[in-house]
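The values are calculated or read from the model by the stated rules, or taken from the named source; none is laboratory data. These numbers were taken from a predicted model, which means no experiment stands behind them. Heads up, the Cβs are rebuilt from the backbone with ideal geometry, glycines too, and the neighbour counts pull from every protein chain shown.
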Amino acid sequence: MNVNLATKHLLSIQDLSNLEICAILDRGDYWSQRLKLTALSSMDPDNNLRLNSGQYSGVNPIVCNLFFEPSTRTRFSFEVAAKKLGCHVLNFYPASSSTEKGETIYDTLKTLEAMGVNAAIIRTSEEDLLQEIAPKLSLALINAGAGSNEHPTQGLLDLLTIRQHFGYIEGLKVAIIGDIIHSRVAHSNIIALDKLNAEILLSGPEFLMPNDEYLSMFNKVRVCDVDRAVEQADIVMMLRVQKERHSQYCKELILSDYLENFGLTLAREKKMKFGAMIMHPAPFNRNIEIADELIEGPRSLIYKQVANGVSIRMAVLERAL
Ligand code: CP
């Protein structure tokens, strides 16, 4: 049982050593295999997969989901993961909470902590808030998406999906294509893939690409045009066009020909390498960044990513608790 506060939280992929990343992937893989065998019975409260060691032996930890931005996959997969581990799950709804009366997120978390909540899973539009408040909290804080900054559990589930499919990560060419500057998914994946020595090809409209200062932080990142990225990659990871984060200027630049210019069309898919696969964190804009037919096509790993969301979040919750 990990009770060291410094490692209890999961705020950023940047905070994880390569060994820690691999340990989480190994444990996620374990849960992924085990859930395949116990899929029918694992939600039965008498037959769940309890946390069974350390301070939680014989008790059910309490975790709380606090989502200040919309979510389907992350929120429900954390809830499913927590229930499969035998945790009690509280769901916090901002609109009916005292945050509507001006209570801060920090004060909300201190309140939950005082009630005995053991872990808080939080999605917020505030990019640096979690790092600021984590040292003042004794419950475990898990970043479920912080503005455009990071989405570490998405990065980890993507790594697990890649490793399960190819058997390894080092040396693979991963093209990350689209709205990179607004994508916390891209940022967590770039950090993680760079740490694990994959080659990263970034591509998209110039006004949605990161600047040179950002790119200079990584060893294995190259920028190239979308056709070259698709043709070279072992994995083509498409990103959602994040309209909700776009300025009016961005909106005007993203015209109806986005799919043709920067998206994964059927014609581009035909130029992918033999054995190359398609990923997307979802939700997707069908026929904007990716052609409709490719989402459930033979190259798609998209629903494996969703399934691995549960397994990796079980591993992350175990680490936190
Ligand atoms: N990929 C992802 O984070 O999806 P949600 O926004 O639905 O959680």
Pairs please, first residue from the range 83-106 and part of a helix (DSSP H, G or I), second anywhere and of a type in the set (Asp, Glu) and surrounded by 11 or more Cβ atoms within 10 Å (Cβ to Cβ), Cβ atoms under 8 Å, 6+ apart in sequence or on different chains.
ILE105/GLU126
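I need the strands (runs of 3 or more DSSP E) fully contained in the range 203-321, keeping only those with at least 1 residues that are among the aliphatic types (A, V, I, L, M), in contact with a strand residue (DSSP E or B) (Cβ under 6 Å, 6 or more places away or on another chain) and surrounded by 22 or more Cβ atoms within 10 Å (Cβ to Cβ).
Values: elements: 221-223, 235-238, 277-279.
Result: 235-238, 277-279.
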The one condition HIS165 fails out of (1) in a helix (DSSP H, G or I); (2) away from the ligand (no atom under 16 Å from the Cβ); (3) touching a helix residue (DSSP H, G or I) at 6+ places or on another chain (Cβ under 7 Å) is (3)
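Do we find that SER138 is within 16 Å of the ligand (Cβ to nearest atom), exposed (fewer than 15 other Cβ atoms within 10 Å of the Cβ) and of a type in the set (Gly, Ala, Ser) in this structure?
The answer is no for SER138.
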Does THR124 qualify as being loosely packed, with under 14 Cβ neighbours inside 10 Å and either over 22 Å from GLY309 (Cα atoms) or within 16 Å of the ligand (Cβ to nearest atom) (or both)?
no
Identify all residues within the range 143-162 that are among the hydrophobic types (A, V, I, L, M, F, W, C) and within 13 Å of the ligand (Cβ to nearest atom); write none if there are none.
ALA144, ALA146, LEU156, LEU157
Over the range 107-121, the set of residues closer than 13 Å to ILE133 by Cβ and outside any helix (DSSP H, G or I) is ALA120
Give just the number: which of (1) touching a helix residue (DSSP H, G or I) at 6+ places or on another chain (Cβ under 7 Å); (2) more than 21 Å from LEU25 (Cβ to Cβ); (3) away from the ligand (no atom under 16 Å from the Cβ); (4) modelled with pLDDT under 95 does VAL241 not satisfy?
(3)
Scan the range 66-87 and give yes if some residue there is of a type in the set (Ser, Thr, Tyr), farther than 24 Å from LEU16 by Cα, within 16 Å of the ligand (Cβ to nearest atom) and surrounded by 13 or more Cβ atoms within 10 Å (Cβ to Cβ), otherwise no.
yes
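For the range 17-40, which residues satisfy the criterion of being within 18 Å of ALA320 (Cα to Cα) and part of a loop (DSSP other than H, G, I, E, B)?
Across the range 17-40, the qualifying residue is only SER17.
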